[in-house]
Amino acid sequence: MPTTRETILTALADLLRTIPHVPVLRGEVLPERIPPVGLMILRDGAPGEPGVTLSPLTYHFQHRAELEVIVQSASNRDSLFDALSAQVGAVITADRTLRGLCDW
């Protein structure tokens, strides 16, 4: 059974994969060739030190995953990056808690 951390990171990767035509990798090295539509690589990050609530004893982690958004184009690289970044923002805004798996 996967941990809560793994379940949330998998849900985040799945959410990013709803962006059409753009490959999403998780924890991979940068490939030699970037697809014309761009590429996203999700890095797991680190959970850091927990916050503690004493009654009842609960540990709270603020885990920051990192997303590398990569585009390659001779003429319109900035507009491609901007469009892809906007799509990432839109899908995350639509489901900030990843179907209730985490807090926003």
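Please go through segment 37-56 and pick out each residue that is hydroxyl-bearing (S, T, Y) and either in a strand (DSSP E or B) or closer than 20 Å to D82 by Cα (or both). Spell out the reasoning first.
So the first thing to find is which residues in segment 37-56 are hydroxyl-bearing (S, T, Y), and the list is 53, 55.
Scanning segment 37-56 gives a single hit, T53.
Being outside any strand (DSSP E or B) and either modelled with pLDDT of 90 or more or of a type in the set (A, V, I, L, M, F, W, C) (or both) is the filter; apply it to segment 58-75 and report the residue that is farthest from the chain's Cα centre (by Cα).
Only one residue fits best here, namely A74.
Tell me which residues, restricted to segment 63-92, are touching a residue at least 24 places away in the same chain (Cβ under 8 Å) and either loosely packed, with under 13 Cβ neighbours inside 10 Å or not aliphatic (A, V, I, L, M) (or both).
Of everything in segment 63-92, those that are touching a residue at least 24 places away in the same chain (Cβ under 8 Å) and either loosely packed, with under 13 Cβ neighbours inside 10 Å or not aliphatic (A, V, I, L, M) (or both) turn out to be H63, E66, E68, Q72, S73, F81, Q87.
Find the residue count for segment 22-31, including only residues that are exposed (fewer than 14 other Cβ atoms within 10 Å of the Cβ) and either aliphatic (A, V, I, L, M) or part of a strand (DSSP E or B) (or both).
2
Quick one: which residue in I34, I19 is within 22 Å of D82 (Cβ to Cβ) and either modelled with pLDDT of 95 or more or outside any loop (DSSP other than H, G, I, E, B) (or both)?
After applying the criteria, what remains is I19.
The values are calculated or read from the model by the stated rules, or taken from the named source; none is laboratory data. Note that the structure is predicted; figures quoted are calculated from it, not measured. In this analysis, Cβ positions are derived from the backbone assuming ideal geometry, glycine residues included, and neighbour counts consider all displayed protein chains.
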